[in-house]
Each structure stands twice: as structure tokens, then as C-alpha cells.
Amino acid sequence: MASFRDIFKYYSRYWKVSIFSIGASSVFELADLAAPYAIGQMLNVLSGQPTDIVTQRAIEAIASLTQQSPSKTLSLSVLLGLIFLVTVAKAPVQPWVGNWFHWVIPLSARRDRMQGAIGKILTLPLEFYDENNAGRIASRIAKGIANHTWTYPEIAAEFIPEVVRLIGIFAVIWLIEWRLGLLILASFLFILGFTLKNLMVLTRREEKLDEYMEDTESRNSEIITNIKTVKAFAAETEELKRQNTRLDRELKVVINRIHKGYVTLGTYQQTFVQFCLFSVLGFSLAATAGGRISLGYFVTIYTLASMAYSQLGPISVVAELFARRYSSMIRFHEFMQLSDGVDAVNLAAENAGNAPPSYSFTGKIELCGLSFGYDSQKPVLQDVNLLIHPRQTIALVGRSGSGKSTLVKLLFRYFEPDTGRILIDGEDIRTLDVRGYRKRLAIVHQEVDVFNGTLLENLTYGNREATFAQVEEACRIARVDEFVKQLPQGYSTVVGERGMRLSGGQRQRLGIARALLVEPDVLVFDEATSSLDYESERSIQLAMRNILGTRTTIIIAHRLSTVREADAIVVLDGGKIVEVGSHDELLRQEGIYHRLHSLQETGELVS
């Protein structure tokens, strides 16, 4: 569970320079108090009243050094010099020892935390992405990091130095007239306590608002992703109405519950501050008239009190902004604290230069007593035993939900089996480095993922070191070369986000070529033709035929025409292997495979 401590630790890497810059800013804030003090002493000098003991000793020391008498002119010159030092002289220094670092630190931390967030995205388990919308995840990361970045300068450059200045003001006023110092301190404690109590209430409302806004942004992302479906079903009006309802709900919460709360809090603050400042004026005036303090001290006290109470505004603004941002920052840390998947790659080790081990397999795969379920009460695979020989082509068929794709997910170590083992060349795959192991496998999904880049960049995604000759050979085998010539810039053509400029069959062939370029020992086709038209399916089948026998190949298919040439067809039903054999053998058995084949042949079963 994330807490305030996690927000504090966000900048832990830069704590030394942070302490230095915040300390320097605080010192400059304290130095500002010297100006009203010196002006008060100037008034005493000009009106013929004595200066305080501190000023007297300073003037006497300077007079002794310069061999002058402590005259009125010397006193004014010393006080004027002090004002010069704390105003003009510090002006060119303050931005570089304070403000410079107040932005360098959060911007550097932003880079670090964004790297960490990307690493977290890459190591979370697949089921997390099955349950969470991509837009929601991206929004949580972006908003959390942005609010951290904007909050640090306000805390480091304004809030902490202003609080230090307040402490300095209390100390000075206490030394001059302790009764007034006590009055001001009590009033500040009351105001800050009242403010903190109300901000805690408003923070909880901000958390609720964050959830509303996340829902809206998530739906926006879905609309953009599925815009073709929205338009095809003429659902624009319904989507707009739904989003307008969400936006109206957000506005209602913002105005009536949150913004109104902040304005009400500000009203109480301003009223009480003005009352307290007026009280300080009255008490200090009475003390001056009664001869307890000098005219210079009267001016100093009122000036410092005005400065102190004026700090409440900026401090309250920073506190309000922090309250508004707190929930999104906490939600970011909750995301970062999510447990990595069992299949997570050790990114830290690889960033440190430790390359994953390089494997080479013959492609012999053994499934030994394999059982698995996403829900422990509902097994998807039950006691599966299967031996796949090197370079053999195995087809997995069966009804939807029979466990075909789940078996492949276990092979790729997206999940760990509940019982049993998967061996490759006699080694348990759980003992192998996950990244080194996966680099020897490749898969072509039903929906091939394509990035918004050139065709060549997508082809070499799994092997950036592939030569152009290797690319051309893979494209020849996968029959990509048949449509590359039709693209405006050939291999340099930008294919668009999610490959929208390519047809389904073209994306499938791209996926096959990309898989071949990593030169895998095991190649998996996960329903690679189920969503294609006959002509595209035929092209993919011809491409697959060029691959069979060159490496261990596993084909998952609903369309049984795709698996006729497999060395063995494995029929799954209810998570168990019920039939194994060639196409002809299974037809003669007249079991489940024969039934599925008959339904597809007669057109009664559409996959």
C-alpha cells in the first residue's frame, strides 16, 4: 500500500543536492528579514532614538576597524550596507544555488521514474493487461509522474523556505516583544490546523474524482482504438452521450464538492488572517505608545507580521495543489508496487551489461503431467502428457476453451503450471533464463501486433542485427515480397499505428517473416489464418509449407484445412488430450476430430 513516504522517496536519489538547494533557499528567505529590521533601526537613528544592542555593537566594531567615531552617518551607512547585501548582492546568486536545482532535480527524477514505469510495464504479468485498459494505465503513469514533477519546485522553492522564514519571523518578534510573538504563533497554529483538517477531507474527494477522470480517459482510449466499430454501428451519439454524462458528473464533483470546499476554506483563512493582523497592529501600537518598544521596533513588528501572514497565502496554495495531486501520485506508487509476473525479465541485470545466456535447442519438447488453471477451482489443462520430436510439426485442435492457447502460454512461460513440467531438450524451462529461452522461440498470433514504424523496422523487431539479405530471404519464404513491391516506399513504407495500412493477410505474412528472422528453434502459429479470407489463408498456408520440417513447429488452428500436413494432430477436449494421430488416422477413428472435420466440410461449423 502506497503512502506519503513513497512520495518523499521519489527523490531519494538526489537527497544530497536537494538538502543543499532547499537549505540555500531557506537561508535566503531568512536573509530577507534583515531588511525590515534594518529599516526599523534606521527610523530609530533618524528620530534620535537609540538602536538596539546588536546594531550598536556592530556599528562600534565597524567604527573601530575604520578608525571613525560611531556617528549618525556611519550608523545609516552600516544599515544601508546590510540592506544592500540581503537584496542587491544576493539577487544574482539566489537563482543558481536554489531555483536551478529546484527544476534539475524533478526533471532528472522524471527521467528515472519514467524508466522505472516502462520497466514495470514490461514485467507485469499478462493477466494484469487482461483486466486493465491501456488508456487507464498510461493515464495513471503520466498523471502521477507529471504531478510529482510540478510539485517538487513548489515544495522545495516555496513551501519549505517560507516555513523557515515564518520560524525566523516568530523568533525576531519574540525577542522584541514575546507577548506579540506568542499571539502570532497561536494564531498560526490555529489556522494551519484548521487548514490541514479541511484539506484531508478535500483530498479524499480528489481521490474519488481521480477515479471518475480515469474512467473517462479510459473510455476515450477505447473509442479511439475501436473507432471503426463505433462508426460502423452508428454509435457516435451514444458514445458522446455516455462521455457527456461522465464529464457532467466530474464537473458536479469539482464545482460543488471540491472547488467550493477550497473557496470556503480560503474565505475563513482570509477573514481570520486580517483579524489577526489588525490585532497585532493594535497591540504593537499600544506597546509603542506605552514606551515598552521603540518606534523602529513598532515598524519592524508590523512589517514582519504582515510578511508572516502574507506567507499563509502561498503556503495554502501549495498545500491545496499538493492535496489535489496527492491521490494521483499515490496511485502511481501503487502501480509501481504491483508484483512482477513470474515471467518477468531481469531488466536491471541486463541494463548493468549482463547479457542473457545464449541457448540453442534441437526443439525436443516434453509436456509431463501438465495441469493449470487461471482459477484454482477451474482447471484449464489436466494431466497433459505429450512428446514433440525435433523439427516435428504438431497441430493442436479442439473446441474453443479446450486449452490450446493456454498450453502455448505455458510454453512461453507467461504462466507457471500448477503441476507438472515442460522440458526442452530435457531441461525444465523454469530453470532457464526467461529472456534467453524466449529468444529461441517465436510466435505468429491470430492478430499480429504491428508498431507505427516502417515495414523494415517491424520485420526486424526481434532481430535488429538481421542483414537486408536475411530480411529478403525471410520475406520470400513468408511471401511478403509479393506485396512489398506495391508499397509506395517499399520496405521504408510507414505502415501506420497497429499496421492499419496493411490488410489482415499482409500483417500475417509480416508476422511470419518477423518470426523467421529470429531463427527460432520452436515456431508457433496461434490460429494464424482463422480470421482471413480464402485467398489470404491460402497464401499463409503456402508460406507455412515452406517452413515445415525446418524447425519444431506447433500449429493451433480452428480451420482443419491448415493442419492436414502436420506430422501429428493433437485433439484437446476439456483440457485433456483425447486423440493423437495424423489427419487420415484421426478420420478413421471417427472421434472428435472426425466430427469437427465433418461439420467444417458441410459448412455447419464456421470458425
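So how do 233-240, 149-156, 207-214 stack up, highest first, on mean other-Cβ count within 10 Å?
149-156, 207-214, 233-240
Based on Cβ point charges of +1 for Lys and Arg and -1 for Asp and Glu, what charge dipole magnitude is obtained for the chain about its Cα centre, in debye rounded to the nearest 20? Don't skip to the answer; put the middle values down first.
Details: 64 positive and 65 negative charges, 370 e Å.
Roughly 1780 debye, rounded to the nearest 20.
Could you work out the local net charge near residue 424, counting Lys and Arg as +1, Asp and Glu as -1, over the other residues with Cβ closer than 10 Å to its Cβ?
Working: positive: 364, 440; negative: 366, 425, 427, 428, 521.
Its environment carries a net charge of -3.
Kirkwood Rh over alpha-carbon pairs of the chain, then Stokes-Einstein at 25 °C and 0.890 mPa s: what D in µm² s⁻¹, rounded to an integer?
80 µm²/s
Please give the FRET efficiency for residue 20 paired with residue 229, using the beta carbon to beta carbon distance and R0 = 45 Å, rounded to the nearest 0.05.
E between residue 20 and residue 229, to the nearest 0.05, is 0.20.
If eta is 1.002 mPa s and T is 20 °C, what Stokes-Einstein diffusion coefficient results for segment 122-200, Kirkwood Rh from Cα pairs, in µm²/s?
Working: Rh = 16.7 Å.
The diffusion coefficient I find is 129 µm²/s.
Treating cross-link reach as a plain straight distance, find the lysines whose alpha-carbon is under 19 Å from the alpha-carbon of residue 485, omitting any fewer than eight places away in the same chain.
Here the lysines satisfying the reach criterion relative to residue 485 do not exist.
Can you give the Kirkwood hydrodynamic radius for segment 220-297, in Å, rounded to one decimal and based on Cα pairs? Before the final figure, lay out the partial values.
Numbers: mean 1/r = 0.0560 Å⁻¹.
Hydrodynamic radius (Kirkwood, Cα only) of segment 220-297 equals 17.9 Å.
To the nearest 10 degrees, how steep is helix 53-66 against the longest Cα principal axis of the chain, on a 0 to 90 scale?
For 53-66 against the chain, the angle is about 80 degrees.
Quick check on my link table: of 143/231; 16/120; 120/439, which ones sit more than 24 Å apart, alpha carbon to alpha carbon?
Flagged as over cut-off: 143/231; 16/120.
What are the residues whose amide H is under 5 Å from the amide H of residue 573, where those residues sit 5 or more places off or on another chain and H is modelled from the backbone?
The answer is 578.
Rank 192, 161, 221 by how far each Cα sits towards the positive end of the charge dipole of segment 117-268 (+1 on Lys, Arg Cβ; -1 on Asp, Glu Cβ) and give me just the farthest.
192
To the nearest 20 Debye, how big is the dipole of segment 79-142 about its Cα centre, given +1 on the beta carbon of each Lys and Arg and -1 on that of each Asp and Glu?
280 debye
How much length is gained if the chain between residue 494 and residue 131 is pulled fully straight, taking 0.36 nm per residue apart and subtracting their Cα-Cα distance, in nm to one decimal?
127.6 nm
Could you pull the accessible area for residue 332 with a 1.4 Å probe, rounded to 10 Å²?
0 Å²
When the dipole is taken about the Cα centre of segment 368-442, and only Lys, Arg (+1) and Asp, Glu (-1) are charged at their Cβ, what size is it in debye, to the nearest 20?
With Lys and Arg at +1 and Asp and Glu at -1, about 380 debye.
Under 24 Å between alpha carbons, and skipping anything fewer than 8 positions from residue 197 in its own chain: which lysines qualify?
Of all the lysines, those that pass the test against residue 197 - Cα under 24 Å, at least 8 places apart if same chain - are 208, 252, 260.
Under 19 Å Cα to Cα from residue 576, which lysines show up? Leave out anything in the same chain fewer than 8 places away.
Excluding near neighbours in sequence, the set is 378, 404, 409.
So how much slack lies between residue 146 and residue 174, counting 0.36 nm per residue of separation and subtracting their Cα-Cα distance, in nm?
My answer for the length gained is 6.0 nm.
May I have the extent of the alpha carbons of segment 371-492 along their three principal axes, as whole Å values ordered from largest to smallest?
Taking the Cα atoms of segment 371-492, the three principal extents are 53, 30, 27 Å.
Mind ordering 394-407, 249-262 by average Cβ neighbours within 10 Å, highest first?
With the highest mean Cβ count within 10 Å placed first, the list reads 394-407, 249-262.
Could you please report the charge total around residue 74, scoring K, R as +1 and D, E as -1 over all other residues with beta-carbon less than 14 angstrom from its beta-carbon?
Numbers: positive: 57, 72; negative: 60.
Result for the neighbourhood of residue 74: +1.
Would you kindly derive the ³J(HN,Hα) couplings of segment 28-37 from the backbone phi angles with the Karplus curve 6.51 cos²θ - 1.76 cosθ + 1.60 (θ = phi - 60°), listing them in order in whole Hz, with x for Gly and Pro?
Taking θ as phi minus 60°, the curve returns 5, 5, 5, 4, 4, 6, 5, 5, x, 5 Hz for segment 28-37.
How tilted is helix 468-477 with respect to the longest principal axis of the chain? Cα atoms for both, answer in degrees (0 to 90, nearest 10).
That helix lies at roughly 50 degrees to the long axis.
Count the DSSP beta bridges whose two residues both fall in the chain, then state the antiparallel fraction as a percent rounded to the nearest 5.
Given both bridge residues lie in the chain, the antiparallel proportion sits at roughly 50 percent.
If r is the Cβ-Cβ distance from residue 427 to residue 567 and R0 is 25 Å, what FRET efficiency results, to the nearest 0.05?
0.60
Would you mind classifying segment 465-529 by shape? Square roots of the alpha carbon gyration tensor eigenvalues, ordered a ≥ b ≥ c; an a/c under 1.5 is rounded, otherwise it is prolate if a/b is larger than b/c and oblate if not.
Oblate shape, in that a/c is at least 1.5 and b/c is the bigger or equal ratio.
Between residue 100 and residue 503, what length comes free when the chain is fully extended (0.36 nm per residue of separation minus the Cα-Cα distance, one decimal in nm)?
Going from the current span to full extension adds 139.9 nm.
Taking 8 Å as the Cα distance limit and 6 or more residues as the minimum spacing, I'd like the relative contact order of the chain as a percentage.
So the answer I get is 14 percent.
So who's got an amide H within less than 5 Å of the one on residue 363, skipping anything under 5 residues away but keeping other chains? H placed 1.01 Å off N, in plane.
425
Could you tell me how many degrees, from 0 to 90 and to the nearest 10, lie between the Cα long axis of helix 504-517 and the main elongation axis, the longest principal axis, of the Cα atoms of the chain?
That works out to roughly 90 degrees.
Long-range amide H contacts for residue 452: which residues qualify at under 5 Å (H placed 1.01 Å from N, peptide plane, sequence gap of 5 or more or a different chain)?
The answer is 498.
Work out the charge dipole of the chain with +1 on the Cβ of Lys and Arg and -1 on the Cβ of Asp and Glu about the Cα centre, then indicate which of 304, 496, 22 is farthest towards its positive end.
Farthest along the dipole direction, towards plus: 304.
Given R₀ = 51 Å, what would the calculated FRET efficiency be for residue 254 paired with residue 585, taking r from the Cβ atoms and rounding to 0.05?
So, using R0 = 51 Å, E works out to roughly 0.15.
What does the charge count around residue 342 come to, taking other residues whose C-beta lies under 13 Å from its C-beta (Lys +1, Arg +1, Asp -1, Glu -1)?
Once positives and negatives cancel, what remains is -2.
In Å, what Rg and Dmax follow from the Cα atoms of segment 201-337?
For segment 201-337, the Cα-based Rg and Dmax read 25.1, 87 Å.
The values are calculated or read from the model by the stated rules, or taken from the named source; none is laboratory data. The structure displayed is predicted, hence computed values, not measured ones. Every residue, glycine as well, gets a Cβ built from its backbone with ideal geometry; the counts of neighbours run over all protein chains shown. To get the accessible areas, we keep the full protein, side chains included, count just its heavy atoms, and leave off ligands, DNA and RNA. Shrake-Rupley method; radii C 1.70, N 1.55, O 1.52, S 1.80 Å.
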